[in-house]
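Notes to accompany the following structure.
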Amino acid sequence: MCLPCCFCCPQANPLMFGIHTIHKYFSLLTLVVSFFLLGFLLIGGASTELAYLSIYLIRMRYNDTNIVSGNTTAAVSGLTIRANYLTLCASAAGEMVCTTSKNTTALSGTVGSEKSGTVSLVAISAALGEVCSPYLLVTTLVLVLLITIVVLWQLMPFVPGKIIARKICAATALLASLVWGLGAMLQHQAIVSAQAFVQASTQQYIHVERGSKAEALSWTSFTFLVITFFSLLFRVFRDHRQMMALEEKC
């Protein structure tokens, strides 16, 4: 069985050569995009800059009026807490402070206006951090980094084991997609449950807002991981088809 020349030697056809070149680096591009999206999701809230503050899992604040007792809460109505995987950010009276989710004492100066009888936003945010742990996210980042290194290695000319490397990349990409698919679903469910539970248990005394940008980053990165897997899988099937064609020639 003879394959057409344009498939055996893409350089003979400029169009096929262009498609071959784009596909050759396509998986690398999707991996880089996935890594940066996941990394940005992980470090969201690490700084008081707007680009980082806009990435949060959940944002909580006190309502202007205490529905339970009917008393105004002007002293704490301006307090806002943003919670992410690794950080907590508190803003009150024009002051913004960010710290790690394990070091809530650093927010004492900013949240000092919380009355002793009020529900603590910091405590609720810290509890959310126990539910939305970053382990699956960090695991996915490590897997993506390993895949990227192997893809870069097998893109180099005259290196051995390219076919095996592509199979390993495809299998690892599938694992990364499954891990982060689970992580994104758990993240979504935890945030939705926290929003419903906190607002209902406090009778709307605390307003909870889900982070739309963080959720968009989660599902966009998951989509890129799935695309990466199918791109690598296509190359594995292509290698298998070429080997079968060579065996038939022999």
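Below, the figures for the structure above:
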item	result
Residues of the stretch 151-184 satisfying the condition of being surrounded by fewer than 16 Cβ atoms within 10 Å (Cβ to Cβ) and either among the small types (Gly, Ala, Ser) or under 18 Å from Val32 (Cβ atoms) (or both)	Leu152, Trp153, Leu155, Met156, Gly161, Ala171
Test set (1) modelled with pLDDT of 60 or more; (2) closer than 28 Å to Glu209 by Cβ; (3) crowded, with 17+ Cβ neighbours inside 10 Å - Ser27 fails condition number	(2)
Search result, residues across the stretch 159-200 that are among the aliphatic types (A, V, I, L, M) and farther than 24 Å from Glu130 by Cβ	Val159, Ile163, Ile164, Ala165, Ile168, Ala170, Ala171, Ala173, Leu174, Leu175, Ala176
Search result, residues across the stretch 135-167 that are of a type outside the set (A, V, I, L, M, F, W, C) and out of contact with any helix residue (DSSP H, G or I) (no Cβ under 6 Å at 6 or more places or on another chain)	Tyr135, Pro157, Pro160, Gly161
Selection status of Glu130, crowded, with 16+ Cβ neighbours inside 10 Å, of a type in the set (D, E, K, R) and either touching a Gly at 6+ places or on another chain (Cβ under 6 Å) or assigned to a helix (DSSP H, G or I) (or both)	no
Residues within the stretch 196-224 that are surrounded by fewer than 18 Cβ atoms within 10 Å (Cβ to Cβ) and of a type outside the set (Ser, Thr, Tyr), tallied	13
Selection status of Met60, at pLDDT 70 or above, surrounded by 14 or more Cβ atoms within 10 Å (Cβ to Cβ), at negative phi and not in a loop (DSSP other than H, G, I, E, B)	yes
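The values are calculated or read from the model by the stated rules, or taken from the named source; none is laboratory data. Given the structure is predicted, the values throughout are model-derived calculations rather than measurements. All Cβ positions, even for glycine, are placed from backbone atoms using ideal geometry, and neighbour counts span all protein chains on display.
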